[in-house]
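> One structure, as structure tokens, below. Some questions next.
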Amino acid sequence: MILSYQECLDKYGSDYKLKKELSDGKLFMEEKGLYSTKRNATELDLIMKKYPRAVCTGYSAFYYHALTDVIPEHYYLATIRTDTRIRDTRIKQSYVKEELFRAGIDTLKYNSSTIRIYNCERMLIELLRFRSKLPMDYYKEIIRNYRKLSSKMDFNLVEDYALNFRNTSSLMDMVQREVL
């Protein structure tokens, strides 16, 4: 379990007791301001704790949804446009309008981590919107995997997400051509 400094103070009562837990080996400092009750916390757990309002998107979301086997070089996180810039070299941040940000947020259990992530339906719209920015073979791999998932997907939800964008009809045409 990952705890912030404030959560540790609430749990242990004082900075002295927190340092005592650290020296006794019952608590481990993972990063500045982040502590763990187990020796080796995953980097993903730390990032999800450090940025609780952020949502996995892009390359990260495609990987965690098992739509590709390409391990992303960074953690791709979306935040509301007015949120503070994340100054972490491990993270690629994208800013999203507040009215679009909340659409499709889900939680996913990945290995032992629980992550906030956009669902498959939202990520299909994102894939089609940014297809020209992705390598063609990467795009084709993900589309192939979406075709395999198509019987389990809620295409009414896909259409609802597409309605948030100006090019709704072209997005839905692409869904028809590429996935169905």
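The values are calculated or read from the model by the stated rules, or taken from the named source; none is laboratory data. Treat the numbers as computed from the prediction; the structure is a model and nothing was measured. Here the Cβ is made from the backbone with ideal geometry for all residues, glycine too, and neighbour counts use every protein chain on show. SASA here: full protein model, heavy atoms, side chains in, ligands and nucleic acids out. Shrake-Rupley method; radii C 1.70, N 1.55, O 1.52, S 1.80 Å.
> Could you give P(r) for region 26-107, binned at 10 Å from zero, as whole percent values over all Cα-Cα pairs?
16, 45, 31, 8, 0
> Another one. Using a cut-off of 13 Å between beta-carbons, work out the net charge of the residues near Asp106 (Lys and Arg +1, Asp and Glu -1, Asp106 not included).
Within the 13 Å Cβ shell, the charges total +2.
> How high is the FRET efficiency from Ser14 to Arg53, r the C-beta distance, R0 22 Å, rounded to 0.05?
Once rounded, the FRET efficiency stands at 0.15.
> While we're looking at this one, here's another question. Working out 0.36 nm times the residue gap between Asp173 and Leu100, then minus their Cα-Cα distance, what length gain in nm do you get to one decimal?
Taking 0.36 nm per residue and subtracting the Cα distance, the gain is 24.2 nm.
> Amide H neighbours of Asn164 under 5 Å, at least 5 residues apart or on other chains, H built in the peptide plane: list them.
For Asn164, no residues qualify.
> Rounded to the nearest 0.05, what FRET efficiency is calculated for Ser112 and Phe165 with R0 set to 41 Å and r the Cβ-Cβ distance?
Using R0 = 41 Å, I get an efficiency of 0.70.
> Right, here's the next one. Which of the three applies to region 47-179, rounded, prolate or oblate, going by the alpha-carbon gyration tensor with a ≥ b ≥ c and a/c under 1.5 meaning rounded?
Prolate is the answer for region 47-179, as a/c is 1.5 or above and a/b outweighs b/c.
> Related question: Provide the packing ranking of 140-148, 41-49, i.e. peptides ordered by the mean count of other C-beta atoms within 10 Å per residue, highest first.
Listed from highest to lowest mean packing, they are 41-49, 140-148.
> Percent relative contact order of the chain, based on C-alpha pairs within less than 8 angstrom and at least six residues apart?
Taking the mean separation of contacting Cα pairs over the length of the chain, I get 16 percent.
> Quick one: accessible area per residue over region 2-41, 1.4 Å probe, rounded to a whole number of Å²?
65 Å²
> How charged is the neighbourhood of Gln93? Take every other residue with its Cβ under 12 Å from the Cβ of Gln93, and add Lys/Arg as +1 and Asp/Glu as -1.
Summing Lys/Arg as +1 and Asp/Glu as -1 gives +4.
> Moving on. Taking the Cα centroid of region 144-179 and of region 27-99, what is the distance between the two, rounded to the nearest whole Å?
Result: 26 Å between the Cα centres.
> Suppose the chain between Ser150 and Arg39 were pulled fully straight at 0.36 nm per residue; how much longer would it get relative to their current alpha carbon spacing?
Stretched fully, the Ser150-Arg39 segment lengthens by 35.9 nm.
> If you don't mind, there's one more thing I want to ask. Give the carbon-plus-sulfur fraction of the accessible surface of the chain in %, rounded to a whole number; probe 1.4 Å, heavy atoms of protein chains only.
49 percent
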